[in-house]
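Here's the structure, in structure tokens; my notes come after.
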Amino acid sequence: MAERLEIPKDISPKDFFEKFVPEQFEKNKGMLPEPVKAVSASMVFNLTGDQGGAWTIRLDKGNLRVSEGDDPDRTVKVIQSVSDWRGAISGERGFRLDLPGAGGGAGAGMPQGSPMTQDKIERLKTIEGAIMFRLTDKEKGDWAITVQFGKSAKETPDCTISMSGDDAKAMRKGNLNPQMAFMSGKIDIKGDLGFAMQVGTTFMM
């Protein structure tokens with residue numbers, strides 16, 4: 001099992017993407033699932049606010065490179081505030097940002113036990129649009145992350161998926177089935193339901 005080091009709470013986004021992620025990838029790359037070793041893809045993280053910026057993570061057949069700036073040929077682009085990003089890397093808000101080989105599991109935003117494959121990458125490339133995931137918490141406040149697919153640069157997402165932070169944690173731990181959560185009203189989808197289903201189907205296939 002890949003070792004996941006404690007991430008310093010005061011780490012800057014620059015140090016996280018340019019130092020921490022590559023170091024952890026090299027340390028744990030031997031634990032990569034075989035399908036992930038064959039993947040070639042790039043993901044852009046665009047963080048807004050103090051210390052924010054854009055970083056491109058390129059995974060190319062078992063090797064990882066990080067560079068500052070956007071990538072026009074990206075597979076997906078993640079947009080998030082720096083404060084919400086800190087909640088993501090700590091997992092304290094129900095969602096945990098895991099990067100392949102960086103002490104995480106399947107990959108950024110991927111369900112545990114469902115590793116990224118090149119087939120999924122190719123299907124993701126056919127999607128055009130943006131989706132927002134929002135966690136709600138009366139005490140801590142809302143938390144959000146927007147994912148853009150294809151060349152989309154939409155400021156307003158095609159759909160927004162909302163659920164409570166507690167339900168998100170239960171889902172991440174495998175204690176809450178996504179389909180049951182949706183059927184019971186624990187997951188609220190506003191906007192283009194068909195687009196949400198297209199994205200969900202692509203990740204789960």
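Only residues that are under 15 Å from the mean Cα position of the chain (by Cα) and either crowded, with 18+ Cβ neighbours inside 10 Å or in a loop (DSSP other than H, G, I, E, B) (or both) were counted across the stretch 187-201, and they come to 1.
Find all pairs meeting these conditions: Cβ atoms under 7 angstrom apart; at least six residues apart or on different chains; first residue within the stretch 64-90 and in contact (Cβ under 8 Å) with a residue 40 or more places away in the chain and part of a helix (DSSP H, G or I); second residue among the small types (Gly, Ala, Ser) and surrounded by fewer than 21 Cβ atoms within 10 Å (Cβ to Cβ). Listed pairs, sorted by first residue: 82/49; 82/52; 84/144.
Within the stretch 145-186, take every residue that is part of a helix (DSSP H, G or I), in contact (Cβ under 8 Å) with a residue 24 or more places away in the chain and of a type outside the set (A, V, I, L, M) and give me the one that is surrounded by the most Cβ atoms within 10 Å (Cβ to Cβ). Of everything passing the filter in the stretch 145-186, 165 is surrounded by the most Cβ atoms within 10 Å (Cβ to Cβ).
Selection over the stretch 26-37 of residues that are surrounded by 15 or more Cβ atoms within 10 Å (Cβ to Cβ) and either over 24 Å from residue 123 (Cβ atoms) or in contact with a helix residue (DSSP H, G or I) (Cβ under 7 Å, 6 or more places away or on another chain) (or both) gives a count of 3.
Residues are listed down the side, and each one gets a yes or a no for (1) in a loop (DSSP other than H, G, I, E, B); (2) under 21 Å from residue 130 (Cα atoms):
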| site | (1), (2) |
| --- | --- |
| 6 | yes, no |
| 14 | no, no |
| 18 | no, no |
| 47 | no, yes |
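Scanning the stretch 74-116 for residues that are modelled with pLDDT of 85 or more and β-branched (Val, Ile, Thr) yields 75, 76, 78, 79, 82.
Filter the stretch 49-88 down to the residues that are of a type in the set (A, V, I, L, M, F, W, C) and either buried (at least 21 other Cβ atoms within 10 Å of the Cβ) or within 20 Å of residue 131 (Cβ to Cβ) (or both) and list them by number. Of everything in the stretch 49-88, those that are of a type in the set (A, V, I, L, M, F, W, C) and either buried (at least 21 other Cβ atoms within 10 Å of the Cβ) or within 20 Å of residue 131 (Cβ to Cβ) (or both) turn out to be 54, 55, 57, 59, 76, 78, 79, 85, 88.
The values are calculated or read from the model by the stated rules, or taken from the named source; none is laboratory data. Fair warning: this is a prediction, and the values are worked out from it, not measured in the lab. Positions of Cβ are backbone-derived with ideal geometry, glycine not excepted, and every protein chain shown enters the neighbour counts.
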